[in-house]
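Note sheet for the following structure.
The values are calculated or read from the model by the stated rules, or taken from the named source; none is laboratory data. It should be emphasised that the depicted structure is a prediction, and the values quoted were computed from it without experimental measurement. Here the Cβ is made from the backbone with ideal geometry for all residues, glycine too, and neighbour counts use every protein chain on show.
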Amino acid sequence: MVFIYKEGKFNENSYLIDGYIFGAARGLALYVIENDGMQMLIDTSTAETATRIIEKLKEYDIYPIHKILLTHAHWDHAAGANELKRLITETNIEILASENAIHNLKNPDAMNDVFEHKMEPVEGVIALKEGDIIDLNGLKLEVINFFGHTMDSIAILDGKNRNLFAGDAIMNKSGYTFRQPAFMPPEFNEPALLNTYQKLRNLKERIDSISLSHFGIWSGEDLNFYIEEMEKFHFDTKNSIIQWYKEGLSSRELTLKYLDKFLPKAKILEYDMLDNLEMNVKWLIEGLKGSGFI
């Protein structure tokens, strides 16, 4: 089994940079794809992390970046775009995202409200559609719609290195003890998510690894396990949260149930991270409410 979580280069053209969301390590993975002097950053974290990202780009000799690709319009993936553009003056950075993300990025209030986070509008975004090819000086990257988590989520297939950059469109899996489903507000759409699961299964013969935003690169038996477990995990977590919510449990009680059933080996209590898990569980509840399940 191979799980890559350390910063640095992990294949011929790709690098992992820790986005330090909420100031914590291994919460959000950013990726840089480089080819023949052209660099594209995948997702941005928040504006507060921009300086650290630039330091890491320089450390790995992949500064400056020429493109920023946003996997979707959630604040933790897009909120740093404007600050990076402001600080990196050596290039005229292009920002790319799904054609469905353009409105959300220009008008982020709906995203801001549900997550209680302030993200500035991101303007001038280049719209991508499924099947588009991003050409990094000869390295061809294919755009694939991975809707469901949001209706503007995209994945990027690097066929040369047989790696798929999937954002958090499928399921979060940070280490061997933490997993989180994809039904986040405000756009969760289960039929679209199930279609995305099938797309990933159809891609299985074309990829050797998958790069997740939350967190790291999974390959070998880990990749196979991820693909095999994703749909069952979705329904298990969805049905459990619906049942606990209908029982009238408080968000803290529901979080402890979630921890006991789905994360029994995670050291969340030891690391004093229960509040963070409860925040995520509240978002999962809102995702189910918004899509009519509770």
Original post:
In the stretch 164-210, what count of residues is obtained for those that are in contact (Cβ under 8 Å) with a residue 12 or more places away in the chain, under 24 Å from Val2 (Cβ atoms) and either over 14 Å from the mean Cα position of the chain (by Cα) or assigned to a helix (DSSP H, G or I) (or both)?
Top reply: 15
**OP:** Would you mind stating whether Tyr245 is surrounded by fewer than 19 Cβ atoms within 10 Å (Cβ to Cβ), of a type in the set (Phe, Trp, Tyr) and touching a helix residue (DSSP H, G or I) at 6+ places or on another chain (Cβ under 9 Å)?
**Re:** yes
Original post:
For the stretch 33-58, what are the residues that are more than 19 Å from the chain's Cα centre (by Cα) and in a loop (DSSP other than H, G, I, E, B)?
Top reply: Asp36, Gly37
Subject >> One residue from Leu263, Leu277, Leu256 being over 28 Å from Asp43 (Cα atoms), surrounded by 14 or more Cβ atoms within 10 Å (Cβ to Cβ) and either aliphatic (A, V, I, L, M) or within 20 Å of the chain's Cα centre (by Cα) (or both) >> reply: Leu256
Original post:
Which one is modelled with the highest pLDDT among residues in the stretch 211-233 that are aromatic (Phe, Trp, Tyr) and part of a helix (DSSP H, G or I)?
Top reply: Phe233
